[in-house]
Every structure is written in C-alpha cells, then in structure tokens.
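S.K.: Quick one: the structure is below, questions incoming.
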Amino acid sequence: MIGAFERLLRPFLHSLDPEDAHALTVRLLKLAPRVRPPADDKRLAVRAFGLNFPNPVGMAAGFDKNAEVPDALLGSGFGFVEVGTITPEPQPGNPRPRLFRLDADGGVINRLGFNSQGADAALRRLAARAGAGGIVGINVGANRNTPDRVADYVRMMERFAPVASYVTINVSSPNTPGLRDLQQAAVLDDLLARVIDARERVTRNAGPTPVLLKIAPDLTLADLDDIVGIARSRRVDGLIVGNTTISRPAGVRDPKSGEAGGLSGRPLFPLGTRMLAETYVRAEGVFPLIGAGGIDTGAAAVAKFRAGASLVQLYSALVFRGLGLVGEIKSALLTALERDRLAALADLIGTDAAAVTAEPWPH
Ligand SMILES: Cc1cc2nc3c(=O)[nH]c(=O)nc-3n(C[C@H](O)[C@H](O)[C@H](O)COP(=O)(O)O)c2cc1C
C-alpha cells in the first residue's frame, strides 16, 4: 500500500530539493495507515546479537534521525530499523544545502552534520511505542560542541538502553569535525570500555542491550586491525561496516561529486564491500557484521552476505529505487539459497570473503 503510493509519488519527490523531499517522505510515512507486513519466509530469519530478525534487510541510520516513523518502516517490510543519529542535545547541523543527489552515479553526498531534535524528543517517541514490537536500534552520537564526547556516548547509552533493541555507537560520521578521531585505538578502547560499563550498569532495569560499533570505510587496514582487536577485547556485540566515504571513487562523474561530505550509494559499493570482507576475516566469527554501503539491487545484497554480512542495511538506493527494493532484495536472497541448495542465510555468510580480500584494492 505504501509502496504503490510511493511509486506514483517518486517522480514528484525527485523534482524537489533532496532535503525537502526527505522531509515530505517522513511526513507521508507518519500519515500512512499502520499495516502489518506479510510474514517473511522463515529462511530469511536471522538470529544475531541475541535478537531474532524476521528478515535481514534493515533501514540504515540517517533516514529516521528523530525516531518519527520506525513502525511505518517496519510495516514496509524492513526486518529492522536503525533510528538516529540522535545527539544528547538538539542541534541544527550544517547550513543548507547539505544533501545532494548524484543522479548520474546513483549516489548521494551529505554533510548534514548530525541535525538532531535531541535525546528528549526521540525518547518521548520511543517510549510511546514501547511494546509495539519489531527491532528498532538506536544510533547515538556526540554533540558538535560538547566538552566531553565520550561522556555524551555514555549518557546516551544509559538513557536509550531501556527503549532500544540495540545501541549503535557512531564514531564514523565525516560531518562532525574530529568525530572520526574516536576510532583511534587508545581513544576507542576507553570509549568502548565506558560504554560497555554503562550498559552493564543499566542492564538490571533495561535488560540486555547489544552494543554495535559503526565504522568508516576510509580506515587503513592497520586501523582496522586495531579496531577489530579492541571490539573483540571489549566484547562489543557487532560491527556495522560502514558509514559514508570521504573518498571519491574513480568513475564518479556527476558534477555534484565535488560537494564536500560523505558519499553513499552505488559508488560506495566496491570500497564498502572490501572493508566488510576485511573486517570479516579479522573478526573470525566472534561477532556478526552488518553490511551497508551501495546496496541497490538484490545481487548487491547477496554479495554483501558473501563478503561477510549477517545482516544488511540500506538508505541511498531507496532515493532512486523506492521501498520496492526491500522486497526485491528478500526475493533475491531466497533465490540465491535455492540456486546453491542452501538451507539458511547463515550458509551464505562470508563464502567470498577470502576471494574479495585477494582482489586489487578498489579505486
Ligand atoms: C542522507 C544521509 C544521512 C545519513 N545520516 C547518518 C547518520 O545520522 N548516522 C549514521 O550512522 N549514518 C548515517 N548515514 C549513513 C548510512 O546509514 C549508511 O551507512 C551509508 O549511507 C551507506 O549506505 P547506503 O549506500 O545504502 O546509503 C547517512 C546517509 C545518508 C545518505
């Protein structure tokens, strides 16, 4: 129902300024009648981080920054929704324009800079839907001008654990100056120690809350060695690989590719998938990975599983393809299982990881 309506509307949305189109889409989803999606094929079910996902296709962070429409998104067929990034205090983000469609490349550049209504507003909405079911992860970040970034993450962990299926520590947005420095080994070790400690403190009231770390695709492999090692030693529940890239891969031709900000969508797929496979071989199955970056077809999603993902997330391709892509990906996953006579998605995970890491570095 949402899908058919959206198909009619997409050309109009595409004619608008990208940020206005996004705001209108969220408003329409708010108005959409609540529907229960048809039950997913059992072979699409995934158990990860102690959670039972009905299917492995998630809405990536950044679409529903203020937790306004998680249930409408779940109703559109996503197996899980990650809301945020939410910052402790409200903040406006960077000046507009700050969101660009790269039509020639199927890409998006954003330099939104954590525009957020803040923790109180999001908490109110999430508390109101408590008990509604569905997997809703909360992606948290630090305020741009905070005196203590690590303290921001600790406070967000404490506040959101009771309403979150999982909490994602986002240290990989390129649009908050200095944020990605939190990925440096010593800083990250301290950050994760304190966040996990906060999680343990609130577990008695909030129940167990998985903690995921979302990383940038622009790390060196030496950085990645450190990060995976720290995530393992601090017993993080999983990694999301990953965020937008500050690189501009060869072949990107849209004139808007010169805009500053993080690039996502199809041009991110080769780098994002390589980093996913590199992370998979380092994680050695200790925790599951969520693959994100440039998934715009069923085949691209299957490739993410083969590179090492247990779950996937997408955002940019929805701008070009609409919500129908979610169903297309689910069908492609089932076809891949049938073709290779596999019983479950788990049998697909990482089958190509070694091969992907042996390829020339994507440029
Ligand atoms: C407009 C826009 C806003 C985003 N905002 C966030 C954010 O607030 N927090 C975050 O962790 N990732 C954010 N992302 C990154 C996405 O969650 C995702 O990791 C990335 O876009 C790669 O997936 P894709 O190629 O399917 O879009 C944003 C992406 C876009 C396009």
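The values are calculated or read from the model by the stated rules, or taken from the named source; none is laboratory data. Every value quoted in this text rests on a predicted model; they were computed, and no experiment measured them. Positions of Cβ are backbone-derived with ideal geometry, glycine not excepted, and every protein chain shown enters the neighbour counts. The accessibility values were calculated without ligands, DNA or RNA, using every heavy atom of the protein model including side chains. Shrake-Rupley method; radii C 1.70, N 1.55, O 1.52, S 1.80 Å.
S.K.: Could you grab the pairs with beta carbons closer than 6 Å, sequence gap of 6+ or different chains, first residue in region 63-80 and farther than 13 Å from residue 132 by Cα, second one open to solvent by 20 Å² or more (accessible area, probe 1.4 Å) and not hydroxyl-bearing (Ser, Thr, Tyr)?
M.R.: 66/117; 67/125; 76/2; 76/323; 77/37; 77/327; 79/54
S.K.: Where the second residue is β-branched (Val, Ile, Thr) and open to solvent by 60 Å² or more (accessible area, probe 1.4 Å) and the first is closer than 25 Å to residue 312 by Cα and lies in region 125-154, which pairs have Cβ atoms under 9 Å and are six or more apart or on separate chains?
M.R.: Between residues of region 125-154 that are closer than 25 Å to residue 312 by Cα and residues that are β-branched (Val, Ile, Thr) and open to solvent by 60 Å² or more (accessible area, probe 1.4 Å), there is no close pair.
S.K.: Residues being modelled with pLDDT of 95 or more and open to solvent by 20 Å² or more (accessible area, probe 1.4 Å): count how many of those fall in region 245-266.
M.R.: Of the residues in that region, 13 qualify.
S.K.: For the subset of region 109-124 comprising residues that are part of a helix (DSSP H, G or I) and within 16 Å of the ligand (Cβ to nearest atom), which member is surrounded by the fewest Cβ atoms within 10 Å (Cβ to Cβ)?
M.R.: Filtering first and then ranking leaves 121.
S.K.: Can you name the residue in region 89-107 that is open to solvent by 30 Å² or more (accessible area, probe 1.4 Å) and touching a Gly at 6+ places or on another chain (Cβ under 6 Å) and, of all such residues, is nearest to the ligand (Cβ to nearest atom)?
M.R.: Only one residue fits best here, namely 94.
S.K.: So, of the residues in region 128-153 that are small (Gly, Ala, Ser), away from the ligand (no atom under 13 Å from the Cβ) and assigned to a loop (DSSP other than H, G, I, E, B), which turns out to be surrounded by the most Cβ atoms within 10 Å (Cβ to Cβ)?
M.R.: 134
S.K.: Across region 11-43, what is the number of residues that are of a type in the set (Gly, Ala, Ser), open to solvent by 80 Å² or more (accessible area, probe 1.4 Å) and assigned to a helix (DSSP H, G or I)?
M.R.: So the count comes out to 1.
S.K.: Name, by its number, the condition in (1) at pLDDT below 95; (2) open to solvent by 50 Å² or more (accessible area, probe 1.4 Å); (3) within 11 Å of the ligand (Cβ to nearest atom) that does not hold for residue 319.
M.R.: All conditions are met except number (2).
S.K.: Looking only at region 44-60, decide whether some residue is open to solvent by less than 10 Å² (accessible area, probe 1.4 Å) and over 18 Å from residue 295 (Cβ atoms).
M.R.: No; the residues of region 44-60 include none that is open to solvent by less than 10 Å² (accessible area, probe 1.4 Å) and over 18 Å from residue 295 (Cβ atoms).
S.K.: List the number of the failed condition for residue 71; all other conditions in (1) under 14 Å from residue 311 (Cα atoms); (2) open to solvent by 30 Å² or more (accessible area, probe 1.4 Å) hold.
M.R.: Residue 71 satisfies all of (1) under 14 Å from residue 311 (Cα atoms); (2) open to solvent by 30 Å² or more (accessible area, probe 1.4 Å) except (1).
S.K.: Give me the strands (runs of 3 or more DSSP E) completely within region 216-297, filtered to those with at least 2 residues that are in contact (Cβ under 8 Å) with a residue 40 or more places away in the chain and under 21 Å from residue 49 (Cα atoms), ordered by residue number.
M.R.: Here the list reads 238-241, 289-292.
S.K.: Could you tell me whether any residue of region 69-89 is charged (D, E, K, R) and assigned to a helix (DSSP H, G or I)?
M.R.: Yes, the conditions are met somewhere in region 69-89.
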